[in-house]
Amino acid sequence: MDTPASPSLRRSFELHLRAEDRADNTIASYLESIRQAEAFLATLGKDLLDADRSDLETFLADLLARRAASTASTAATRHKALRILYGWLEEEGEISANPMAKLRPPIVPEHPVPIVPDDGLRRLLATCAGKDFEARRDTALIMFFLDTSARHGEAAGLKLVDLDFDYQAATVLGKGRRERTLPFGRKTVLALDRYLRARLRHRDSELPWLWLGQRGQLTAWGIQQVLRRRGRQAGLPGLHPHQLRHTFCHQWRAEGGNETDLMRLAGWRSPAMLHRYGASAADARAREAHRRLSPGDRL
């Protein structure tokens, strides 16, 4: 059970995050991290204000004990949220020493996100064959992801006014509330146009959101569900929007696309992301080079 001070502390921290103009998803993630930390600390007879480094290490170790890559990633997220929280508490004079000051983040193993091969993409689009609303919408959605590298949260937040067919581009609000423009090609233009014509007959067509579902706006979660369902139909179990983002980046790098342009299109601020997202293309180039230069084959 929360101590009387806990809700107030979380609320104050939330106000601080909103004052910094953090994204809603980021705020929700940080607050969830804090709620989980509070619940664990309560089992130790502690709260956030009297927890020491050892207590927080025990919390993170408990997460990591589950021995899954996704758990390591979650633990890293919890570490980041707590680091920001305790930095704020120290600045506010709520604590005299920051217990997170020298606590290093967990190491997250690198597991390349699988890309969708060309035959898989053809099967995926084939599942959307038809002229009904869902077929038009899902074709446009898949083409949009493949052609723009949009994050699923960015796609979910799109409004009709964000599309510009003259420039063949969409304006999205990315991480850190940074606005950027995503160009798309002629085939995506056609898919979007067909969808928009079908959208006119939808009962919620007056809504400003681009993507509609059965009950109004198609949310980020709804988009994930659409792709998961289409993926199962195409023999691509577990398909998620991030795979299409990786597929875009893989194809861009494989075709010799400029790295600076890719950073702008993908909305990255750190060049380190080029390595992570370009790993599959680099592996493919290495395999091709080996086929040409194999020392064993030259004996």
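Between N98 and any residue 5 or more places off or on another chain, the built amide H atoms are never under 5 Å apart.
Paramagnetic label reach from R66 (point 7 Å along Cα→Cβ; backbone nitrogen cut-off under 20 Å): within the stretch 27-48, residues 27-44. The residues neighbouring L121, those whose beta-carbon lies less than 14 Å from its own, together hold a net charge of +1 under the Lys/Arg +1, Asp/Glu -1 convention. Taking label points 7 Å from Cα along the Cα-to-Cβ direction, I27 and A97 give a separation of 3.4 nm.
Average accessible surface for the stretch 98-225: 57 Å² per residue, computed with a 1.4 Å probe over protein heavy atoms with every protein chain in place. Each peptide in 226-239, 141-154 was scored by the mean count of other Cβ atoms within 10 Å over its residues; highest first, the order is 141-154, 226-239.
Along the stretch 148-160 the Karplus relation, 6.51 cos²θ - 1.76 cosθ + 1.60 evaluated at θ = phi - 60°, assigns HN-Hα couplings of 10, 6, 5, 6, 5, x, 5, 5, 5, x, 5, 10, 4 Hz to successive residues, with x for each Gly and Pro. For K80, a cut-off of 24 angstrom between C-alpha atoms picks up these lysines, skipping any fewer than 8 places away in its own chain: K46, K102, K175. Computing FRET efficiency as 1/(1 + (r/R0)^6) for D119 and R232, where r is the C-beta to C-beta distance and R0 is 22 Å, gives about 0.85.
Along the stretch 178-188 the Karplus relation, 6.51 cos²θ - 1.76 cosθ + 1.60 evaluated at θ = phi - 60°, assigns HN-Hα couplings of 8, 7, 8, 9, 10, x, 9, x, 5, 5, 5 Hz to successive residues, with x for each Gly and Pro. Put simply, the amide H of A169, placed in the peptide plane, has neighbours under 5 Å in D164, F184, leaving out anything fewer than 5 places away on its chain. On full extension, the segment bounded by Q214 and A42 gains 57.7 nm, given 0.36 nm per residue less the C-alpha separation.
For W211, the residues 5 or more places off, or on other chains, whose built amide H falls under 5 Å of its own are L218. With a Förster radius of 25 Å applied to the C-beta separation of E255 and R186, the computed FRET efficiency comes to 0.90. Residue by residue through the stretch 34-44, what is 3J(HN,Hα) from phi via Karplus (6.51 cos²θ - 1.76 cosθ + 1.60, θ = phi - 60°)? Round to whole Hz and write x for glycine and proline. Each residue of the stretch 34-44 in turn: 5, 4, 5, 5, 4, 4, 5, 4, 4, 5, 9 Hz. Summing charges over neighbours of L15, with a neighbour being any other residue whose Cβ is under 15 Å away from its Cβ, gives -3 when K and R count +1 and D and E count -1.
For L41, the shell of other residues with beta-carbons less than 9 Å away shows a net charge of -3, using +1 for Lys and Arg and -1 for Asp and Glu. Candidate cross-link partners of K131 among the lysines, defined by an alpha-carbon separation under 29 Å and a same-chain spacing of 8 or more, comprise K159, K187.
The values are calculated or read from the model by the stated rules, or taken from the named source; none is laboratory data. Bear in mind that the values here come from a model prediction, so they are computed numbers and not experimental data. A quick note on method: Cβ atoms are made from the backbone with ideal geometry, for glycine too, and the neighbour counts reach across all protein chains shown. Only protein heavy atoms, including side chains, enter the accessible area calculation; ligands, DNA and RNA are left aside. Shrake-Rupley method; radii C 1.70, N 1.55, O 1.52, S 1.80 Å.
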